[in-house]
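The values are calculated or read from the model by the stated rules, or taken from the named source; none is laboratory data. All figures in this text were calculated on a predicted structure; none of them were measured in a lab. Cβ atoms come from the backbone with ideal geometry, glycine included; neighbour counts cover every protein chain shown. All accessible areas refer to the heavy atoms of the entire protein, side chains included, with ligands and DNA or RNA removed. Shrake-Rupley method; radii C 1.70, N 1.55, O 1.52, S 1.80 Å.
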Amino acid sequence: MGLCERCKKAKATFHLTNIDRSGTKAERHLCDACASEEGLLQTPKQAIDLNELLENFIAGSKSAVDLSNLVCEQCGISYIEFRNQGLLGCANDYETFKEQIARLLERTHDGATHHSGKAPKSVGTVHKPQHDIRRLKRQLDEAVAAEDYERAAELRDRIRELETA
């Protein structure tokens, strides 16, 4: 654009437009040094710890190496292959990749690792009302957030009843 309006030496890199209540527009063009002196430009003073950054990177790559070494003894599929294809190679993979599959299920199903849907009538088992429990837990979270502790206590008790039924 042009030179700084204040020092008239450096290139103006900080452009400020003020509009007052009457709609009058006032523009200022300053260099970074002058904008900083006037308190208009704040530079972050957060130092980056390079050692910590490298340690975190190495730790992350070690866990990736550990996962790439995880292979089913029966069918030979690696965990990385499973993740890329989305298909397991054999029934033994459920045991081989048990921990990783559980984490995937938890992320996919909002923390649930067991079936909580409907059961066929032919099974004849009494099914826990998991849907109701999840709904009540959401309502409980909302009640606590709204600081409605009486309602929260009622919801907590109803959840306990359903879970022990």
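For the pair ILE19 and ARG83, label points projected 7 Å from Cα toward Cβ lie 4.9 nm apart. Between the amide H of LEU70 and those of TYR79, distances stay under 5 Å, these residues lying 5 or more places away or on another chain, with hydrogens modeled in the peptide plane. Amide H to amide H distances under 5 Å link ALA10 with CYS4, where only residues 5 or more positions off or on other chains count and H is placed in the peptide plane. Taking PHE82, PHE97 and ordering them by how much accessible surface each has at a 1.4 Å probe, largest first, produces PHE82, PHE97. With 0.36 nm allotted per residue and the present C-alpha distance subtracted, the HIS131-GLU27 stretch has 31.6 nm of extension available.
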